[in-house]
Amino acid sequence: MKGGRHGGRAHALPIPPEALKVLKTFHGEAGGNSPWMFPGRDPGKHITQSALNLAMYRLQGRVFDHTKKQKPDRPGKPGPKPAAKRQRENLFKEYKIQPWTLHDVRRTMTGFLDERRLGGAASAILGHRIHDGEKIPTKERMAPVTQLHYNHSQKIKLKAQGMRLWVNALLAACARERRRPIPDKLKNAYPIARNKKRSRTGIQ
């Protein structure tokens, strides 16, 4: 849903076969017995919305500082004792990756598709509405009240065209990165699957 639970609108996104193949592999490696594509520790539940942000923080060596007391002492009930601060390797720095956020993916995809004259596909993928002030042909313009209550078009073909280009570009970039040499000190600590044999899901 886009626009929140109250007054939101349905938002469908076609997944190219190449992307679905990667997702199925991940699902199999996560156990393969959950109804959710991204299961939590409990297979019956999905990961939280903040899980990806927390993963990004950890990859960059950023951890929650437990050495500081988070709650003050209260009469008859002292606050929790601080724990030792965890130390994590900054993998972005080790692999010489420029820091980026998850929101940067939306911005990069928009620019990527706009350069290929598919800016409309980017807007459809992100679920952005075209406002009255934007220059679009009169025959394509729709009143906001009509769009809100009557227009349920998902622009699936347009989204699919943009998603196919974007996914292929991401997979090509991943293939290039996998050919880069791994620093010796990280080979054993952070193994990365390369040229994996067929997994139990039957997907390579």
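What follows draws every value from the coordinates through simple rules; no lab data is involved. As the structure is a prediction and not an experimental result, all values here were calculated from the model. Methodologically, a virtual Cβ is constructed for each residue, glycine included, from the backbone with ideal geometry; neighbour enumeration extends over all protein chains shown.
Observations
- Protection proxy ranking, peptides 36-44, 109-117, average beta carbon neighbours within 10 Å, highest first: 109-117, 36-44
- Cβ-Cβ distance of Arg176 and Leu54, R₀ of 35 Å, FRET efficiency by 1/(1 + (r/R0)^6): the value works out to about 0.80.
- Here the gap between Lys24 and His11, fully extended at 0.36 nm per residue and compared with their Cα-Cα distance, gives a gain of 2.5 nm.
- Pairs spanning more than 26 Å between alpha-carbon atoms, out of Lys24/Lys157; Lys21/Lys159; Lys96/Lys159; Lys24/Lys159; Lys21/Lys157: Lys96/Lys159.
- Annotation: the residues His46, His103, His128, sorted from fewest to most other C-beta atoms within 10 Å of their own C-beta, follow the order His103, His128, His46.
- Extended-chain gain in nm, criterion 0.36 nm per residue less alpha-carbon gap, Ile47 and Leu91: 13.6 nm
- Karplus 3J(HN,Hα) series, Hz, for the stretch 18-31 with 6.51 cos²θ - 1.76 cosθ + 1.60 (x for Gly, Pro): 5, 6, 5, 4, 5, 5, 5, 4, 4, 4, x, 5, 7, x
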